[in-house]
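Comments concern the structure below.
The values are calculated or read from the model by the stated rules, or taken from the named source; none is laboratory data. Just so it is clear, the model here is predicted, and its values are computed rather than measured. Don't worry about glycine lacking a Cβ; one is built from the backbone with ideal geometry, like all the others, and counts go over all protein chains shown.
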Amino acid sequence: MKFFLFLTFLFLISHTNLKSTNDDDDYKLCGSEIKCSNKGGICNEFDNNFYCTCTEKFATYPNDNEILCNYERKRQLKAFLLELFLTYGAGHFYVKNYKYAIPKLIVFIFLYCLFILLRLITKAKEENKTANLIICINAIICFIGMVTWQIIDVFKFGYNKYKDGNGIELYPM
């Protein structure tokens, strides 16, 4: 279990998609005052006014930023696959949606550790069949809750219902 958490952490650290907005070579002047990112924006003219249109993979963050189309959107497919195969909120960690990721990670690890501990305690006292039955019923209920939570998250990532931690929609599959 620790190995998978470590791999998840390494994957998330190595696949950060936020691009720096301080590199002057990445941007061009669009009109008189609007700057449009070379990588994520297209400067269009309409009625002698220049407008920056973001490509599908980019958005402007923050909204009041003078450089438009500076933020590379997180990928829905990557978040979906992380959540599907690694669980523990890995998709939420990837999109930097920590208000969902951290509670899910804590609950999953806590429940796994709790049931391992309880099983070790009851294993030492095999004569108490009632305690074993109660622990098994509670484990089944918690397992159903965890699986349901996981399935809901996978479907929400699949239908692109989550936004990243900055409120930007994910780049669709």
Of the residues that sit in the stretch 63-78 and are under 18 Å from LYS96 (Cβ atoms) and part of a strand (DSSP E or B), which one is modelled with the highest pLDDT? ARG75
Is there any pair with a first residue in the stretch 146-173 that is within 30 Å of ASN63 (Cβ to Cβ) and a second that is among the aliphatic types (A, V, I, L, M) and crowded, with 17+ Cβ neighbours inside 10 Å whose Cβ atoms are under 6 Å apart and which are 6 or more apart or on different chains, and what are they? PHE157/ALA79; ASN160/LEU170; ASP164/VAL95; ILE168/ALA59
Show the residue pairs that are 6+ apart or on different chains and have beta-carbon atoms under 8 Å apart, the first residue being within the stretch 82-111 and on the phi > 0 side of the Ramachandran plot, the second being among the charged types (D, E, K, R). TYR88/LYS104; GLY89/GLU83; GLY89/LYS104; GLY89/ASP153; LYS96/LYS74; LYS96/ASP164
Flagged in the stretch 82-98 as among the β-branched types (Val, Ile, Thr) and over 8 Å from the mean Cα position of the chain (by Cα), in numbering order, are THR87
Tell me, yes or no, whether the stretch 105-126 has at least one residue that is β-branched (Val, Ile, Thr) and in contact with a helix residue (DSSP H, G or I) (Cβ under 7 Å, 6 or more places away or on another chain). yes
Scan of the stretch 31-62 for residues that are within 24 Å of the chain's Cα centre (by Cα) and either under 24 Å from PHE157 (Cβ atoms) or modelled with pLDDT of 80 or more (or both), ordered by number: GLY40, CYS54, THR55, GLU56, LYS57, PHE58, ALA59, THR60, TYR61, PRO62
